[in-house]
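This report concerns only the one structure given below.
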């Protein structure tokens, strides 16, 4: 038989999400600096993206557009 009573549950863990919410805007000069860092010989695009708070996919898109 199903119990249809709503009983309060004990919360054991609370997760706090920090960081930017929503879309971030980057100035053109900031995008240019990040793109230049990704184009340095030996640079790893995904590492450059992470260092600048981007996803690798976003940086690859910027590189393709540049």
Checklist entry - Looking at (1) at pLDDT 95 or above; (2) part of a helix (DSSP H, G or I), which is the one condition that is false for residue 42? => result (2)
Next on the checklist: When the residues of region 19-39 are narrowed to those that are part of a loop (DSSP other than H, G, I, E, B) and at pLDDT 70 or above, which ends up farthest from residue 64 (Cα to Cα)?
Outcome noted: 22
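The values are calculated or read from the model by the stated rules, or taken from the named source; none is laboratory data. Values in this document were obtained by computation on a predicted structure and should not be read as measured data.
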